[in-house]
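Structure, as structure tokens:
Quick note: the coordinates plus some simple rules give every number you see, no bench work behind them. The shown structure was predicted, so the numbers you read here are calculated from the model rather than taken from an experiment. Cβ coordinates were reconstructed from backbone atoms using ideal geometry, including for glycine residues, and neighbour counts include every protein chain displayed.
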Amino acid sequence: NSTDPEYSPLLWQFLKVSSPSYPTQPQDVHASSGDKTATVSCTSNDHGIPVDLAQLRAFWPCNNPTNVTLYNRAVAGQTSPYSFEISGLNNGRPYMFDIRIHNAAGWSEVSGMSNCVTPAYD
């Protein structure tokens, strides 16, 4: 019932915003590249609940990101700042990344975009 306060969208928004257990939106998102790889790093506050998963999206080309690939990464024992390697990228293709992280309470908001990097042979 939409008039029941339990189902109020404002109440749900308040509960999500005021909950201290969701990871905060990743900040300071930075990418660096290697041979067919990129390493994406970020900071986030997990509020004392360990992060267990990260989702990264690779966008290309940087000047008009019309293509995207999703990568899931398990997080084992990492604390902020986080760092994730993405392999199997195409050398010579410029990429940008965003990221969201997960703990037992749920998902963070999606970060802003990283800088643009172009994997290349070492």
Point to revise | Paramagnetic reach from R93 in the stretch 68-83 [backbone N under 18 Å; point 7 Å along Cα→Cβ] | key: 68-72
Review point. What is the extension gain from T69 to S83, computed as 0.36 nm multiplied by their sequence separation minus the C-alpha to C-alpha distance, in nm to one decimal?
Key: 3.2 nm
Revision key, fill the gap. Amide H proximity to L53 below 5 Å, modelled H, separation 5+ or other chain, gives V75, H102
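Taking 0.36 nm per residue of separation and subtracting the Cα-Cα distance, what length does fully extending T43 through H30 add? Show your work: numbers first, answer last.
On the way: separation 13, 0.36 × 13 = 4.68 nm, distance 0.98 nm.
Working it through step by step, the gained length comes to 3.7 nm.
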